[in-house]
Amino acid sequence: MLKTFLPLFAMTFLICTFLVLMQFLWMHLTDLVGKGLGMGLLLELFFYAALSMVPMALPLAVLLASLMTFGNLGESLELTAMKSGGVSLFRVMRPLIVLMLFVSVGAFFFQNDVLPVAQSRMWTLLKSMRQKSPELDIAEGEFNDQLPNINLYVEKKNHDTGVLYDVMIYDFQQGFERSRVILCDSATLQTTPDKAHMQLTLYQGELFENLRDATGVNTTARNQLYRREEFHKKTLLIAFDANFERMDEGDMRSLYIGKNVSQLRHSIDSIHNRIDSIGAAYGKEVASNSYLSLNSESFPESILAADAVTVKKIDPDSLRREQPRTSRRRYVQNAKNEVERSMMEYLGRSLYLGDEHKVLARHGIELHKKFTLSLACLVFFFIGAPLGAIIRKGGLGTPLVISVFLFIFYYIIDNSGMKMARDGKLPVWQGMWLSSAILLPLGVWVTYKAVKDSAVFNADAWQRALRILTGKNKRALAVKEVIIEDVDPAEATRRLDELSALTSSFLKKYPRPQGYLSYWRGGMDSAELRQLTASLEVTVSYLSNTRSRKLMDLLNAVPVIQDLMILHPNPRSFWSRAAMYIFPVGLIIWVIALLFETRTIKSIKQLQKILPQIQSYGTDENPPRLN
């Protein structure tokens, strides 16, 4: 099993890592292209990015490899041979379960020790590359604005020598009022040795420059000064830093992405203590604050001399009415200003605390990520291995489709849970373990079905069930080459008469679909419908021994009638009574049952029309024999 699984696991892991790395490259393509970055820097970035993408690629690789392994064994009937020899599915999976335990433990240590360093270096490199100036790529016949404060137009460019011809330059380095326009026959553009400037050498041209009065007073259009210069050769130095400067990695290591479990727990405790202390200080300040801003200067002397109990019973509105109108306006305006100031102050404090809670959630998310990857590998193995044993399809086609579907389902749930935890809509532990909590029951159920040799994923069984639900289940009888028991016309007539009587009795009792109360009181008689369907199938099976193709065509036209549970609910069941009284639920179920009842009655009426044709088939003049 290990020899079969390990090569597939290595191959799928490399493929999945390559795919997620291409996704990363596509997302950050604009930050890398046109910067003149060396191959060594790009390879270093891709290496750290590949390490950072392991948490996404590893579960998908486990799922795909386990599906392919057990699918190949099932398709080649090796699993069947093992089971016939008394080897259970769990015994077949045992070495791979031990391997997955080691992979899960290794995934935890990778998340804890390797991933923080890889993520810190990757984001440091990427941020440094974003800040690097792009390399110049001068296009012909259009204005190029890649140089700061300079628009450069080139009519033609020699790609071998790099010489630019018929050049027009708009220079705004000294501001718009001191702008310069330069025209020249040719020019060359190159980087200085220190890569801090671009040197533009111009040949055979003219320069026009606006001049502003030294006093700073704007001049009118009539007396605007400008300078005109003709030159044979002129050199311009333009500030353009083309060096790559690697940023300090310590900034990223101090964030949540660069910490291991112990550091994250320490940071979480520190943030908790800081939030609690800030909240306690805010609460103490709010409790001790006097919102009315009443002091001794606001009270008359008679009130100040009164007892303290009397002061507590003073109505502030009565104090305001005793003051002059101008004072009252001033009091209202002061109160309004005080309320607005307090609102802005507390809004700022709430935003600060909100930021602290977001930082706390980020650290909690990163802490739980250290453990969710290990469980995800185990869950995907217990989904992929039993699923491969059930579907019994090897190769890369079917397993790849199933793996991608399941992984997209997992990825959507995982990201949704993480975003809800980040935004505070769910506790962090619930959001981060949401995907595992949903997929773990699926893994247990699939493993149970595989151990019990269930045909839950049998395509023929699902197609047959779908045809039954949609009412498109047709008969496909054919004339048999060898008939053991010939059809007896008398017995066939007796069976047809019995079936016709059952059909007429049923339609007389149920000429149309039932109403809401009649349905929930028992629905169609299950015994009567079961007797009708059993008689129909036995009669069709008996008549199918005929050698007549015409009779066989009539039998194929006989509808298939299904005795479904939804047609007759149990009136004594608690769930049936509950659904009946809970009107929205009962109404929905009744509408669905109404569709099936209509289809059943329609099929029985169709059967009633076909039965006389089958009965009269052996009573014509020169009648062909039923057999």
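The values are calculated or read from the model by the stated rules, or taken from the named source; none is laboratory data. Because the structure is a prediction, the values reported are computed rather than measured. For neighbour counting, all protein chains shown are included, and Cβ atoms are generated from backbone atoms with ideal geometry for every residue, glycine included. Protein only, heavy atoms only, side chains kept; ligands, DNA and RNA dropped before computing areas. Shrake-Rupley method; radii C 1.70, N 1.55, O 1.52, S 1.80 Å.
Data table
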item: Cβ-Cβ under 9 Å pairs, at least 6 apart or on other chains, segment 476-489 side farther than 18 Å from Ile614 by Cβ, far side among the aromatic types (Phe, Trp, Tyr); result: Glu485/Tyr542
item: Test: Arg467 is in contact (Cβ under 8 Å) with a residue 24 or more places away in the chain, in a helix (DSSP H, G or I) and within 52 Å of the chain's Cα centre (by Cα); result: no
item: Flag for Arg625 being open to solvent by 70 Å² or more (accessible area, probe 1.4 Å), within 23 Å of Leu536 (Cα to Cα) and at pLDDT below 80; result: yes
item: Scan of segment 366-403 for residues that are within 18 Å of the chain's Cα centre (by Cα) and either among the acidic types (Asp, Glu) or open to solvent by 30 Å² or more (accessible area, probe 1.4 Å) (or both), ordered by number; result: Lys369, Val401, Ile402
item: Selection from segment 182-198 of residues that are over 16 Å from Tyr165 (Cα atoms) and open to solvent by 40 Å² or more (accessible area, probe 1.4 Å); result: Thr191, Pro193, Asp194, Lys195, His197
item: Answer from Phe382, Phe371 - the residue that is within 16 Å of Met68 (Cα to Cα) and out of contact with any His (no Cβ under 6 Å at 6 or more places or on another chain); result: Phe382
item: Residue among Val451, Val444 that is of a type outside the set (Phe, Trp, Tyr), open to solvent by 40 Å² or more (accessible area, probe 1.4 Å), at pLDDT 85 or above and farther than 30 Å from Asp553 by Cα; result: Val444
item: Residues (part of a helix (DSSP H, G or I) and surrounded by 15 or more Cβ atoms within 10 Å (Cβ to Cβ)) located in segment 490-515; result: Ala492, Thr493, Arg495, Leu496, Leu499, Ser500, Leu502, Thr503, Phe506, Leu507
item: Residues (of a type in the set (A, V, I, L, M) and loosely packed, with under 14 Cβ neighbours inside 10 Å) located in segment 480-489; result: Val482, Ile483, Ile484
item: Hits in segment 404-426 (condition: open to solvent by 50 Å² or more (accessible area, probe 1.4 Å), over 11 Å from the mean Cα position of the chain (by Cα) and under 19 Å from Gly384 (Cα atoms)); result: Val404, Phe405
item: Number of the condition not met by Ala527 [criteria: (1) surrounded by 13 or more Cβ atoms within 10 Å (Cβ to Cβ); (2) under 15 Å from Leu567 (Cα atoms)]; result: (1)
item: Sole residue being open to solvent by 60 Å² or more (accessible area, probe 1.4 Å), under 43 Å from the mean Cα position of the chain (by Cα) and under 20 Å from Trp520 (Cα atoms), chosen from Ile566, Ile588; result: Ile588
item: Subset of segment 138-187 (residues that are more than 50 Å from the chain's Cα centre (by Cα), hydrophobic (A, V, I, L, M, F, W, C) and assigned to a strand (DSSP E or B)); result: Leu164, Val167, Met168, Val181, Ile182, Leu183, Cys184, Ala187
item: Any hit, segment 37-57, residues being open to solvent by less than 20 Å² (accessible area, probe 1.4 Å), at pLDDT below 85, among the small types (Gly, Ala, Ser) and over 21 Å from Cys377 (Cβ atoms); result: no
